[in-house]
Amino acid sequence: MDEVSKLFKKFDIDGDGAITVDELQQVVHEIGLAATPADAALMVAQVDRNLDGKIEWDEFQTMMANANMGHATKLSKVVQKNKDAFLTVQHGEANSQHSWSSEEMMAFTEVVNSRLGDEPKLNAYLPVANIEGSTALFEACADGVILCRLINLVDPDAVDDRAVNYTKLSKFKMIENANLAINAAKDIGCRVTNIGAHDVLDARPHLILGLLWQIIRLLLTQKISLREIPEMARLLEGDETLVQLLALPPERILVRWVNYHLKNAGSSRRIKALGKELSDSIVYDTVMHQIYGSQQLNRINESEKNLEKRATGVLNNAETVGITPFIKARDIASGNAKLNLAFTAQLFNDCHGLAPLDEEEIAELAELDLDDAGDTREARTFKLWLNSLNLIDRESGDLIQVNDLFRELCNGLPILHIMEHIEPASVPWRKVVTMPKNKHHLVENGNHVVDVGKKLDLIMVNIGGTDIVDGNKKLILAVMWQLMRRSTVDLLSSLKGDGTKVEENEIVIWANAKVASLSDRTPVPPIRTLGDKQLATSIYLIHLCAAISPDTVNWEIVTPGNNDEDKLLNARYALSIARKLGAGVFCTPEDITEVRPKMILLFIAALWQAELEKGTRKSLPQVPALADPPTHRRASATAAPVRPPPPVPQPVRAPPPVPVQAPTPPPVPVPAPPVSARPQPVAAPSRPAPPATKKRTPLPPPPGGKHKNHAAAPPPPTRRATTTGFATDESHVVKLQQEPQGPYAFKSVNGTGETGALESNDVEEDEWD
């Protein structure tokens, strides 16, 4: 009961004896979980018996008691699964103080010093002082440089080193670095929750430790793949396929690897996780002797009761075989899961010890398309986007983390959670089988995906529930693309704040208007479509970034893009600039050089979103460099005369222009008071009631005739009756068809029915063949 009381007090921030929706949402966020106001309200409502909108002590106590008897609510599931994390939350004056692990800080400092210590650019940062209780690591990471360099070790395409600000670090330049690190971390698969650029600048320990751990985990486990180690096929169990094996997270693959060697060593021990089960060091000792033999290795004394002394023997053996462990003996003895995972990965990377494959197995492996076993680029994009939404599973209370897009989406549940995220209350959860036990349940969920998709105006032609269950890749990609596009467009529409919906052709119009407003550079031609061939050089996209924040681009390193190598360099630079501006882009450089319209749309939309969210220089106070402020300002004025405040008019914020509200409201069935002429709040997504038939009725033309345009903007697009495809605008030559002729109007078999994204009939997206 004492533990339950402590948990209640953690949620009751103001100590008034009741947990409000805001308090619940804040505490859930504090431990790195995501909960929307609707999620938090639902959690409270399931426990609130007296209907006062709060959870009081007796209600919380009853909830936990019922959970122990198997009658769990959504909140009790979250609390039980994250109990230790909730108990570590400490409420200070700002209700945001957290405990953090000194052991993990010291281990991560060792990684930073060892992996980055030889880089000349980091001489001013390294080595970081590694003293217990020190905050030196967090302070060293505060300007974003070390984070960017670590991410670059994981994936060089995620961070272009040319885009990192190393010198004259003003507050704005440090924010750019932090934005680049955060958005690049998302691109390599890190789950970045409730952390922004200012959290990095403030050197908040628990947030920086969390981000560092995810980067280090990827750095240590990136070799766990069939391409790198074909012998991993030895870890298959039963009728499992290689595709299923690779879908497992690295932790589970390493557990299998440990158990494989325990079995071959004749040991009866088996482990289920890389934590407490390793604390006695016997498993480590057995595995290391199995893979390295007994050369110069000393057996630990199993009769030794002091676990740290045993662990010291294990670490001494590791150094003997050439491994420099950054884990301490106390970390093994205490069963620290993160650090034991790191040490196990070090052993695996140094000598996996798996038996070689015979000729027959090699031939069988050669027949496997390793690209098919892993991610296509488009599947990777959708997987990273899904994980970035930080969705909470309604049944388990866990964050939804997808490793294999096709295998894990076949039960329909992640897709339904995305749909609920896009359109709240759109999913009939009472009919959904949240714990499917047979194929009938899976097909039922797949049918719900199709039904809800139709309600969301997605094109679900030739897509059935069985296609989802069977893991039909092309159709799953089609559904995921439409959901990602819908989510992106809806977010842009809400950020505009004028009550109008953003059409896809408006994204092209906005980009052309922004590029045209860049007065100090040689003009570049406007793009005609999102498949315009000039996009392959990335010069247009770099100009677009410069139009949002001129000082972010170093034009000296932008190439003409005359050959494939130059195009790839520009694409990498464009992605890093966009991330510096706060844009969350998940595409790859190849997506840009190959001009994939879907990825280009997401890239440009992310930039527009970043500008609307004021994640650019315009929203930040102008802070001089850390050197002498007056001198810096004079030097900057000479070197970069376009620094804010600019002597040019403010660029168009969000073209196309908004139609003027008609002086007389159009006829409606029920007369509305005068105040109804104002735009409807974004938070209330009340749409006009759909017609009785499935075919949507075209909207009547707006009264009053012409729209009023902004002076700097191109002519507005002509509104269409249908919402698919691109709207026609002769000045921008945006091609479309009046009605899609079927799900394959793109010529590629993708099931989306898209038209107008390509300038020709050539299929340029190879995964839609």
How high is the relative contact order of segment 167-261? Use alpha-carbon pairs under 8 Å, at least six apart in sequence, and give a whole percent. 17 percent
Beta carbons within 10 angstrom, averaged per residue: use that to sort the peptides 128-141, 586-599, 178-191, highest first. 178-191, 586-599, 128-141
Using Cα pairs under 8 angstrom and six or more residues apart, how large is the relative contact order of segment 264-328, in percent? 29 percent
With a/c under 1.5 counting as rounded, go ahead and sort segment 167-209 into rounded, prolate or oblate using the C-alpha gyration tensor (a ≥ b ≥ c being the square roots of the eigenvalues; past the cut-off, prolate if a/b is larger than b/c, else oblate). oblate
Heavy atoms only, probe 1.4 Å: what % of the accessible area of segment 225-305 goes to carbon and sulfur, would you let me know? 44 percent
How about K439: which aspartates and glutamates have a C-alpha closer than 17 Å to its C-alpha, ignoring those fewer than 8 places off in the same chain? E408, D467, D470
Beyond 31 Å between alpha-carbons counts as too far, so tell me which of K473/K533; K186/K514; K272/K454 fall in that bin. K272/K454
Leaving out ligands and nucleic acids, and using a 1.4 Å probe, what accessible area per residue does segment 350-491 come to in Å²? 44 Å²
Restricting to aspartates and glutamates and to Cα separations under 14 Å from K77, and discarding same-chain partners fewer than 8 apart, the set is D39, D393, E395, D398
Compute the separation of the alpha-carbon centres of segment 299-328 and segment 428-483 and state it in Å as a whole number. 51 Å
Under a cut-off of 19 Å between alpha-carbon atoms, report the aspartates and glutamates in cross-link reach of K305, not counting same-chain residues fewer than 8 places apart. E277, D280, D285, D331
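The values are calculated or read from the model by the stated rules, or taken from the named source; none is laboratory data. Predicted model only: the values in this text are computed from it and were never measured. Because the Cβ atoms are built from the backbone with ideal geometry, glycine has one as well, and the counts that use them run over all protein chains shown. Ligands, DNA and RNA are stripped out before the accessible areas are found, and what is left, the full protein with its side chains, is counted by its heavy atoms. Shrake-Rupley method; radii C 1.70, N 1.55, O 1.52, S 1.80 Å.
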